[in-house]
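Read-outs: derived from the displayed coordinates by stated rules, not from any lab. Quick caveat, the model's predicted, so the values are computed rather than measured. Every residue, glycine among them, receives a Cβ derived from its backbone with ideal geometry; neighbour counts consider all protein chains shown.
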Amino acid sequence: MRKLLAFRLAPEVVTQLRNYGKLMRIDKPIGIWLLLWPTLWGLWLAGEGTPDQGLFVIFILGVVVMRSAGCVLNDFVDRKIDPYVERTRTRPIASGAVTPLEALTLFAALSFIAIGLASMLNSMAQLLAIVAAGLTVAYPFIKRFFSIPQLVLGAAFGWAVPMAFAAQTGETPELAWLVFGTAMIWAVIYDTFYAMVDREDDLKVGIKSTAILFGEVDLFVIAGLQLLMLLALMLIGVRAELGFWYYLSVSIAGALMARHLWLARDRQPAGCFSAFQHNHHIGLVIFVGIALHYTFNPVAAS
């Protein structure tokens, strides 16, 4: 009888675990990629091409855990808004598949894992990790009051950069903050594309975003931010004494940016969402450029 009961309960458990996975957006890894690439930029630059292997594992796990925790908290905070937004009404909490209490319990569990990972870092990186946690918690609330919540999101997604430098070198030099600022600009770019998808729904429910703030000049502002990001990437190359492969990657990133503008040219939700999703290719290309530089210039990495 007990075996039969366990067999009957098993599918329900599996279904609920899948709901938890959806709540953490495990099925939608784009957020992991967007958080991962600046983290790897920072690790490779701080380690001059040979980052500490242990730190590499810790930061990879940290990216997955913190992104998952942020998604869970965001959906908990937005649980009374998501049912009224077309794109979010099927999320686990909004649809009733996961209760708010379950979401908070999951967030607490992920937070404890993040604390465990942070405890393996040096003291400076641990202090920066506290700031990272604060940014993660603040973002879901900021978008109700701040017209440019993407700046806070950018700070949260880019904060792993100074953490990586602190963990690898014990300090946060000018280069670390330059890369952090670049990651922030990038986040405003791709998250504005994302916000353009929900602009009409956000106006109805009172959520603020750069898509609403920029209005009819949204693509023009995005183009300006893209140029600013390319300039910042060039400055990173100069400051870190990077070579041909890196500057080639920056050129390719520029071409990708132009394509993203083209995808969103009509401001249709499908095109804007495609521009958002494809943005992670920029992060990948820049990382490949950094990695190739240190691969073919081993003296610089010594």
Practice prompt. Any chance you could count the Lys pairs in segment 16-296 whose alpha carbons are under 16 Å apart, treating pairs 8 or more apart or on different chains as valid?
Written response: 5
Discussion item. Starting from the Kirkwood Rh over alpha-carbon pairs, what translational D in µm² s⁻¹ does segment 76-235 have by Stokes-Einstein at 25 °C and 0.890 mPa s?
Written reply: 141 µm²/s
Item to complete: Please determine, in degrees from 0 to 90 and to the nearest 10, the orientation of helix 53-77 with respect to the longest principal axis defined by the Cα atoms of the chain, where the helix direction is its Cα long axis.
Response: 40 degrees
Worksheet item: Helix 123-142: angle to the longest alpha-carbon principal axis of the chain, degrees 0 to 90, nearest 10?
Response: 50 degrees
Worksheet item: Which value, in Å³ per residue, describes the convex hull spanned by the Cα atoms of segment 163-235?
Response: 96 Å³
Worksheet entry | Within the chain, helix-based [θ] at 222 nm, where runs of 4 or more DSSP H residues each add -39,500 (n - 2.57), nearest 500 | -25500 deg cm²/dmol
Worksheet item: What list of ³J(HN,Hα) values in whole Hz, one per residue of segment 29-46 in order, does the Karplus curve 6.51 cos²θ - 1.76 cosθ + 1.60 (θ = phi - 60°) give from phi, with Gly and Pro shown as x?
Response: x, 4, x, 5, 4, 5, 7, 5, 4, x, 4, 5, 3, x, 4, 5, 5, 5
Item to complete: Can you put E102, E86 in order of Cβ neighbours within 10 angstrom, beginning with the fewest?
Response: E86, E102
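Can you tell me the convex hull volume per residue for segment 190-302, based on C-alpha atoms, in Å³ to the nearest whole number?
Enclosed volume per residue, from the Cα hull, is 97 Å³.
Enter the mean projected area of the convex hull around the alpha-carbon atoms of segment 16-296, in nm², rounded to one decimal. Walk me through the numbers on the way to the answer.
Values: hull surface 54.4 nm².
Taking a quarter of the hull surface, the average projection is 13.6 nm².
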Worksheet entry | segment 43-184, relative contact order in percent, only Cα pairs under 8 angstrom and at least six apart counted | 27 percent
Response to the item:
When I236, I130, I290, I60 are ranked with the fewest other C-beta atoms within 10 Å first, the list becomes I130, I60, I236, I290
Worksheet item: Percent relative contact order of segment 16-296, based on C-alpha pairs within less than 8 angstrom and at least six residues apart?
Response: 21 percent
Worksheet item: Let a ≥ b ≥ c be the square roots of the eigenvalues of the Cα gyration tensor of segment 68-148; is it rounded (a/c under 1.5), or, if not, prolate (a/b larger than b/c) or oblate?
Response: oblate
Worksheet item: Which ordering of T88, T136, T15, T192 is given by a fewest-first count of other beta-carbon atoms within 10 Å?
Response: T15, T88, T136, T192
